[in-house]
1. Considering each residue of segment B:9-27, count those that are farther than 16 Å from B:TYR126 by Cα and more than 8 Å from chain A (Cβ to nearest Cβ), and give that number.
2. In segment A:36-46, how many are touching a Lys or Arg at 6+ places or on another chain (Cβ under 8 Å) and facing another protein chain (nearest Cβ under 7 Å)?
3. For a quick check of your reading of the model, give me the residue pairs whose first member lies in segment A:18-35 and is more than 9 Å from chain B (Cβ to nearest Cβ) and under 22 Å from A:ILE94 (Cα atoms), whose second is part of a helix (DSSP H, G or I) and open to solvent by 40 Å² or more (accessible area, probe 1.4 Å), with beta-carbon atoms closer than 9 Å and at least 6 apart or on different chains.
4. Using the structure shown, decide if A:VAL9 is in a strand (DSSP E or B), within 8 Å of another protein chain (Cβ to nearest Cβ), under 15 Å from the mean Cα position of the chain (by Cα) and buried (at least 24 other Cβ atoms within 10 Å of the Cβ).
5. Exactly one of these conditions fails for B:LEU92: (1) crowded, with 22+ Cβ neighbours inside 10 Å; (2) of a type in the set (A, V, I, L, M); (3) more than 10 Å from chain A (Cβ to nearest Cβ). Give me its number.
6. Being small (Gly, Ala, Ser), outside any helix (DSSP H, G or I), open to solvent by less than 40 Å² (accessible area, probe 1.4 Å) and modelled with pLDDT under 90 narrows it down to one of A:GLY39, A:GLY3, A:GLY16, A:GLY32, so name that one.
7. What number of residues within segment B:59-81 are open to solvent by 10 Å² or more (accessible area, probe 1.4 Å) and under 13 Å from the mean Cα position of the chain (by Cα)?
8. For A:LYS80, which of the numbered conditions (1) open to solvent by 30 Å² or more (accessible area, probe 1.4 Å); (2) within 28 Å of B:PRO82 (Cβ to Cβ) fails to hold?
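The values are calculated or read from the model by the stated rules, or taken from the named source; none is laboratory data. Worth saying up front: this structure is predicted, and the values here are computed from it rather than measured. Neighbour counts run over all protein chains shown; Cβ positions are idealised from the backbone, glycine included. Note: accessible area is taken over every heavy atom of the protein model, side chains too, but ligands, DNA and RNA are not part of it. Shrake-Rupley method; radii C 1.70, N 1.55, O 1.52, S 1.80 Å.
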Amino acid sequence: MEGKIRVLVAKPGLDGHDRGAKVVARALRDAGMEVIYTGLHQTAEMIVNTALQEDVDVVGLSLLSGAHMTLFRDVTKILKERDMIDVLVVGGGIIPEEDVPGLKEAGVNGVFGPGTPLEDIVTFIKENVKR
Amino acid sequence: MKDLAERVMRGEQRAIARLITHAENSSPIAAEAMGRLHSSSGRAQVIGITGVMGAGKSTLIAEIAMEYRRKGRTVGIIAIDPTSPFSGGALLGDRIRMMSITSDPEIFIRSMGTRGMLGGLTGAVYDVVEILDAAGKDVIIVETVGVGQAEVDIIKIADTTVVVTVPGLGDSIQAFKAGIMEIADIFVVNKADRPGFERIMAELSSMVEISHMPGERGVPIVPTVAKEQEGVSELVDEIDAHQAFLKQSTAFEEHRRRRYEAELVEIVRKRLMNLIFDESVFKERIEKLVERIYAKETDPYSAAQEILTTVLK
């Protein structure tokens, strides 16, 4: 029996910059994970719906617009409402240092800013996946 | 978790999603639950969509799904993308084109990697069809990988197989070699607003005409522009007409038997492979045999026979 780590890489909100998300998606694939990429302009509701149907172990959110405090929190809130507490949530983008504690408190387990080596993200996911 | 099968039959999304994961991982939980689901499956209409890469299959599927929703029917979608043979990972991107339908709770979409299977499908696809069927989905649409030349396995699952192509591929017959031609119950020429449309329609019609046997059902060719929702309701009519045609004869039952046969063979294949290649006893044995083959003490055929004799004992 062989389980693969399944990851949803999603871009919430109105931010159209998906280069980073695509680079991370490829890195995760090359690390042997199954990556579901959904494209731009997802609502928090859509992201959680997709995470549910795809039964992912990880939700990766990418946002460069500055709205991460609102949108990342929306996603973690709906995940909790749906009782999907065994899903690891990670986020990346232009996220100021001072926002990190607030995001972690809201249930974003890992936050990765610009310049993070891809291996760090892969390692974090492999070590923290909840099932 | 012990009522997984029951929760699936009640149509609970979480349970459906989780059981699919178990099936993909060939877990014993899946085997138990699948056994219980079998008697309540077999009701759904299964549609296979195959064709060359970039033909617009995902976009078309989203439109077909919406058309069925307008008719009041629920939909399950299985979208398959290739697993990298090098890393074992996969980038599953079919949902990008299905965004318009992700908010409908009556449409369940699951993306799957091929995980080493050839033929455009994935080993667990039979299970996933049964799961969505038992969960009450009226229509199940299976999208194959899209390499275009070796995806004939879809006919083992689908009641109706739709082969999608587009204008401007150059020699379109080339794109249909190696059996892909014969599997079509319906042809779709998508992106029909593009240059080269008349040419491909003419080529396809003459091809369909040549291979048409008297008394057989003709293969319709449906032009669509999926992005503009053009031709989609005509396509759905053709799919339903084909389904009705099957049900008039024994063809429908034959299709179903063929699917169960393929599923049975797949389960046995998977278990045998696991038995031989995952059990540590055999692993050591295989390593030793490879050494002996390398040293020319035996040959690959004799070594293979040795393994098979032990397994079948």
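1. 5
2. The qualifying residues number 4.
3. Pairs that qualify, where the first residue is more than 9 Å from chain B (Cβ to nearest Cβ) and under 22 Å from A:ILE94 (Cα atoms) and the partner is part of a helix (DSSP H, G or I) and open to solvent by 40 Å² or more (accessible area, probe 1.4 Å), are A:VAL23/A:LEU118; A:VAL24/A:LEU118; A:ALA27/A:LEU118; A:ALA27/A:GLU119.
4. Against the criterion (in a strand (DSSP E or B), within 8 Å of another protein chain (Cβ to nearest Cβ), under 15 Å from the mean Cα position of the chain (by Cα) and buried (at least 24 other Cβ atoms within 10 Å of the Cβ)), A:VAL9 does not qualify.
5. (3)
6. After ruling out the rest, the residue left standing is A:GLY39.
7. Of the residues in that region, 1 qualify.
8. Answer for A:LYS80: the failing condition is (2).
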